[in-house]
Structure formats: structure tokens, C-alpha cells
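Some notes on the structure that comes next.
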Amino acid sequence: MEELVNELKKYLIEALNLEEMTPDDIDSDAPLFGEGLGLDSIDALELIVILDKNYGIKLSSPAEGKNIFRSIRTIAAYVAEHRTR
Amino acid sequence: MSGRQWSGNTFGNGWMHRGLVSVLRHVDVSVLYAFSAVFIVPFCLLFWREGRRSSYSFFRKRLGYGRLKSARMTYSNHLKFAEIVIDRFAMYAGRTFGMEVEGLEHFNALAAGKEGFLHLSSHIGNYEMAGYTLVSEDKVINAVVFSGEKESVMKSRGDMFSRTNIRMIGIREDMGHLFEIDNALAEGNIVSFPSDRYMPGSRMLRCRVFGAEASFPQGPFSVATMRGLEALAVNVMKAGRKKYVIYVTPLHYDRTLSRRQQMQHLLEAYAAELEKRVLQYPDQWFNFFDFWK
């Protein structure tokens with residue numbers, strides 16, 4: 001699981017141009033939106049695309065996304081269970 | 001109406017909009033143009049300070065016109081805006097306009113492919129008039145629209161577009177629009193974004209346009225480069241009393257660069273096209289706020 005968490009952090013850093021950050025700088029349990037990493041709605045779309053392109057996971061509803069995108073760890077848990085590649 | 005940001009919805013309430021559509025079923029647009037020129041536009045210039053100031057400042061500072069010409073263009077700018085609003089309601093009322101497309105081959109080439117692509121529009125001219133003309137048999141056009149728009153305008157748009165393969169995606173708080181945008185592109189359809197109006201609080205990109213740096217929304221450029229999609233600038237300009245020209249221009253960006261550089265590349269191509277069309281039709285610049293603040 002930790003390997004997947006780190007992999008997700010790397011994808012996130014690359015997609016969101018957080019070039020000054022390393023995976024270690026991102027708290028795996030911190031909220032992604034609002035007070036945590038401070039991501040916005042377009043960043044959520046980046047996450048949707050990361051899951052689709054890298055793990056073959058297609059999310060289809062905001063309610064589903066809201067639960068999955070709570071933190072890097074919740075995303076990793078969902079990916080581990082639902083990935084098709 | 002704040003200094004930096006325009007609310008972005010159409011003036012007037014529901015019964016005014018419905019009334020205007022009813023009037024335009026029986027009265028030619030020329031009558032309403034004349035009424036606007038004599039009554040509405042002078043009233044707006046007198047009492048809508050922000051619109052008057054931003055318009056005058058655009059001609060004076062950004063286009064470098066003299067004082068007299070800037071004042072004349074400010075009137076012309078407001079009148080043109082009134083005319084394009086009238087034309088829009090005339091279209092809802094079933095009136096037709098002469099439409100010419102420059103660069104249709106670019107749209108057709110992408111529409112014939114399997115991949116989804118983007119239309120990047122601007123608040124210049126009258127993009128909505130492209131609704132009937134620039135259509136694809138195989139791909140649905142999903143227009144991302146501001147959800148704060150008046151219900152009557154949204155209903156008229158809905159009624160009009162129900163006869164075409166154009167759908168609207170309203171920006172919503174629950175991020176549902178993101179799923180709709182992503183699904184539309186993943187299914188090979190078209191998504192259309194107004195790309196020149198940055199909303200405070202959201203991520204932005206900076207680019208020089210008309211000689212000074214301005215903020216643009218990162219969203220449309222991010223969505224395009226996320227999946228390496230093709231993007232077209234689509235600007236619909238009023239070229240005569242009842243004639244519009246749709247300009248379709250491919251926007252190129254280097255996909256080997258980093259994501260940030262790709263977005264910047266794409267934005268610069270978009271901004272160059274925006275400048276080109278505004279210089280061609282200077283009185284059709286409709287960002288009535290301090291765009292360069």
C-alpha cells in the first residue's frame with residue numbers, strides 16, 4: 001500500500017506542477033481539498049484523469065469522488081481495490 | 001458589479017427576456033437596434049460607470065486610440081453589445097442570420113476523428129450564434145456555461161439547443177460538471193469553454209495580451225493538456241447587420257514540454273488569436289471589467 005501511496009503522490013506532483021514538493025512533503029492522510037493540500041475543482045479533474053489513465057478506473061459521480069478524494073490514502077485504498085491495470 | 005469581475009449573466013429578468021423573444025417574433029432586429037442606439041446605450045453609458053470606464057480604458061490604454069476615438073468606440077462597443085444580445089434573443093425567437101465559417105476544415109477534420117477535442121471561446125463577438133452552424137453529426141458539443149445565468153436565458157438556450165446535438169454543462173458546487181466534462185471528452189465528444197474570464201479564487205495563468213499581463217483561468221488549458229487533446233479557438237464575430245463570421249483556428253502546443261509549459265504554450269496561442277480577432281473587430285470586446293488588474 002505504501003508503494004501505491006508514493007506512486008500516487010508522484011503522479012499528483014507531476015500533474016499539478018507541485019515541482020517544489022517531494023512525495024515526503026505530502027501527508028498521506030491530510031485532506032486534499034480545503035485546509036489540507038488546498039486543491040481546487042480542476043485539480044479534482046486531474047485526479048479523475050490520473051485514475052483513468054494509470055489504473056483504468058472510471059469514476060462517474062461526484063458523490064463517489066467526494067468519498068474517494070478525501071486523502072491520498074483513501075485514493076490508494078480505492079485504487080488497490082478497483083484497479084484494472 | 002465589482003471592479004475586477006463581471007457577474008457574467010444576462011441583464012434583465014424572466015418576463016423581460018420572454019417579452020423580448022415575443023417582440024422579436026414580429027419586429028425586425030433593426031427596430032430594436034435603433035431603440036438601443038437612441039435610448040438604451042446612452043442610459044447605460046450614463047449610469048453603468050464600470051462598463052463605461054473599462055471600455056474607454058481598453059480603447060485608450062490597450063489599443064492606444066486618442067481620447068475622441070476612444071469615446072466614440074466606447075459608444076460603439078456598448079451599442080454592439082446591445083445588438084449581439086438582441087441577435088441572441090432573435091435567434092431564440094427563430095430568426096436566422098447569415099453565417100460564414102472561416103477554417104471549417106479544421107473543425108471537420110477533428111470532428112471526423114475518434115478523439116474528443118476542445119473549443120476555446122472568448123467574451124468577444126457572439127459565440128452562441130455558432131450553435132446551429134458549427135455542428136457535428138457524430139460528436140456532441142458540450143458547452144460549459146456559467147450556472148448563475150438567468151433561468152429564462154438557460155431555458156431559451158435549452159429549447160434552442162434541444163433541436164441540435166449541443167448540450168450544456170453548468171458549473172456546479174458539487175463538482176458534477178467535472179465528471180460530465182471528463183466523460184464527454186473520454187467518449188470522444190467536444191467540450192466548449194469560455195477561456196478568457198478568470199474567477200477569483202481559482203487557479204490562473206498569466207499571459208501578455210494587448211501589451212500587458214492579464215490573468216486567465218487555468219481550467220480550460222489544464223483540461224486540454226491533461227489528455228493531450230486538440231484545441232480550437234472559436235470566435236463568432238458580427239460582420240454585418242444580419243451576418244456573422246465564425247473563425248475556427250487550431251491552437252498548437254508542444255506536447256513534449258512539461259505540463260505547465262504546455263498550458264502556457266496553449267494559452268499564448270489562444271491569446272494571440274484573441275488579439276487578432278479583437279484588432280479585426282475592436283468594438284466586439286465584451287469583458288466589461290478591468291481585465292488587466
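Just so you know, all these numbers are worked out from the coordinates, no wet-lab data involved. The shown structure was predicted, so the numbers you read here are calculated from the model rather than taken from an experiment. Here the Cβ is made from the backbone with ideal geometry for all residues, glycine too, and neighbour counts use every protein chain on show.
If every alpha-carbon in the stretch A:1-43 counts as one equal scatterer, what log10 I(q)/I(0) does Debye give at q = 0.14, 0.18, 0.19, 0.28 1/Å? Reported log10 I(q)/I(0), two decimals: -0.29, -0.49, -0.55, -1.15.
Computed over the Cα atoms of the protein assembly as shown, the ratio of the radius of gyration to the Kirkwood radius (Rg/Rh) comes to 0.99. With coordinates expressed along the principal axes, the C-alpha atoms belonging to the stretch B:213-293 extend over 44, 29, 17 Å, beginning with the largest.
Counting only aspartates and glutamates at least 8 places from B:Lys242 when in the same chain, those with an alpha carbon closer than 14 Å to its own are B:Asp28, B:Glu83, B:Asp87, B:Glu100.
In whole Å, how far is the Cα centre of the stretch B:173-231 from that of the stretch B:263-293? So the separation of the two Cα centres works out to 15 Å. Taking the inverse of the mean reciprocal distance over all distinct Cα pairs, the Kirkwood hydrodynamic radius of the stretch B:199-257 comes to 14.0 Å.
Projected label points at B:Val27 and B:Ala186, each 7 Å from Cα along the beta carbon direction, are separated by 5.0 nanometres. Computed over the alpha-carbon atoms, chain B gives an Rg to Rh ratio of 0.94, Rh here being the Kirkwood radius from the mean inverse distance.
Taking 7 Å steps out from each Cα toward its Cβ at B:Ala37 and B:Ala272 produces label points 3.8 nm apart.
Of all aspartates and glutamates in the structure, those lying under 18 Å Cα to Cα from B:Lys61, and not within fewer than 8 positions of it along the same chain, are B:Glu50, B:Glu213, B:Glu275, B:Asp283, B:Asp290.
I'd like the Kirkwood hydrodynamic radius of the stretch B:71-119, using the inverse of the mean 1/r over distinct C-alpha pairs, in Å. It is 14.0 Å.
Can you pull the Kirkwood radius for chain A, inverse mean 1/r over Cα pairs, to one decimal in Å? Result for chain A stands at 12.7 Å.
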